[in-house]
Amino acid sequence: MDIEGISAVVTGAASGLGEATARTLAARGAKVAVFDRDRARGEAIAGDIGGIFCDVDVTSDEKVAAAFARAREAHGQERVLVNCAGVANAAKTVARDKETKAPKFYPMQQFELAIQINLIGSFRCIAHSAFGMVGLDPLDEGERGVIVNTASVAAEDGQIGQAAYSASKGGVMAMALPIARDLMNDGVRVNTILPGVFKTPMVAMMPPNVQDALGAQVPFPKRLGQAEEYARLACFMVENPYLNAAAVRLDGGIRMAPR
């Protein structure tokens, strides 16, 4: 699919991977809707790229529906959705108090939050976007739309304390094939990116020596991933019509150790 002139929605676009993707799509001629909860940052980015900001919480049906309606009023029905909205948390299945060594029960709200945002939130946006895409006139080879989801290498090699995060991202990866099959007769492709250790805002706040240590774990190149590299892969997935139901690790070859 040619990116020039299309309408696109990027969730979690006020920072990190989502911001880089929104900026890259816009630079290549797309009309981009910036979906995020951070109004100040989101409006600033939308202004920079000539797009529109839509205030959205992906855990809310009403807010997601309203955001898509606002984006479509401004840009028309989107042909591209890139899901980058997500949350990372960590807690061991059974942890122990540092002083008493007594076991502590898992904070179930953390598990529920990861599933609600990363997995259900992604599918909620997919459902809304795909519903609109299937009504579009087909392009070359009958193509109507492209959906790119963000999982994580934790979907395949989650670390200690990542039960919730890995479960949510594993679900994102696993649902791509059945969704692609659901939409195959309507010309909508679905792909997944599994980022490794990237220099996102959360990582950027770590001390330089910690960032260097994380980057040194990567086989090659020995550094943190750059958000622009994610964006380039997302655009490639949009442009290559034969790439469907794929899950691509973007990680410099790293395989995460237990901790």
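Since every read-out is calculated from the coordinates, none of them should be taken as a lab result. The shown structure was predicted, so the numbers you read here are calculated from the model rather than taken from an experiment. A quick note on method: Cβ atoms are made from the backbone with ideal geometry, for glycine too, and the neighbour counts reach across all protein chains shown.
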query = Taking H as built 1.01 Å from N, whose amide H comes closer than 5 Å to the amide H of residue 31, not counting residues under 5 places away?
reply = 5, 6, 7, 8
remark   = Once phi for every residue in segment 157-163 is put through the Karplus expression 6.51 cos²θ - 1.76 cosθ + 1.60 (θ = phi - 60°), the whole-Hz ³J(HN,Hα) values, with Gly and Pro written as x, are 9, x, 9, 3, x, 9, 4
query = Which percent, nearest 5, of DSSP beta bridges in the chain are antiparallel?
reply = 5 percent
query = By average Cβ neighbour count within 10 Å, what is the ranking of 241-250, 33-42, 46-55, 142-151 from highest down?
reply = 142-151, 33-42, 46-55, 241-250
remark   = Here the averaged projected area of segment 1-149, based on the convex hull of its alpha-carbon atoms and given in nm², is 10.3 nm²
message = Relative contact order of segment 123-206, please, whole-number percent, based on alpha carbon pairs below 8 angstrom and at least 6 residues apart.
response = 35 percent
note = Packing-ranked peptide list from 102-108, 200-206, highest mean Cβ count within 10 angstrom first, is 200-206, 102-108
request  = Considering only 79, 96, 70, give the residue with the highest GNM mean-square fluctuation for the chain, with springs between Cα atoms whenever their separation is below 10 Å.
outcome  = 96
message = Along each principal axis of its Cα atoms, how long is the chain end to end? Whole angstroms, biggest number first, please.
response = 63, 38, 37
remark   = Set 92/169; 169/199; 169/222; 101/199; 92/199; 98/222, cut-off 27 Å on Cα-Cα distance; pairs above it are 101/199; 98/222
message = For segment 7-250, what does the relative contact order come out to in percent, with C-alpha contacts under 8 Å and a separation of six or more?
response = 19 percent
key: Using θ = phi - 60° and Karplus 6.51 cos²θ - 1.76 cosθ + 1.60, couplings along segment 78-84 (whole Hz; Gly, Pro as x)   = 6, 9, 10, 10, 10, 8, 10
inquiry  = Quick check: Cα centre of segment 79-152 to Cα centre of segment 36-64, how many Å?
reply    = 17 Å
query = Using bins 10 angstrom wide from zero, how does P(r) for segment 93-240 break down, in % of all Cα pairs?
reply = 10, 30, 32, 19, 7, 2, 0
task = Fewest Cβ neighbours within 10 Å first, please rank 60, 7, 152 accordingly.
result = 60, 7, 152
task = Over segment 1-61, consider all pairs of different Cα atoms and compute the Kirkwood hydrodynamic radius from their mean reciprocal separation; express it in Å, one decimal.
result = 11.1 Å
inquiry  = Order these by the 10 Å Cβ neighbour count, fewest first: 101, 222.
reply    = 101, 222
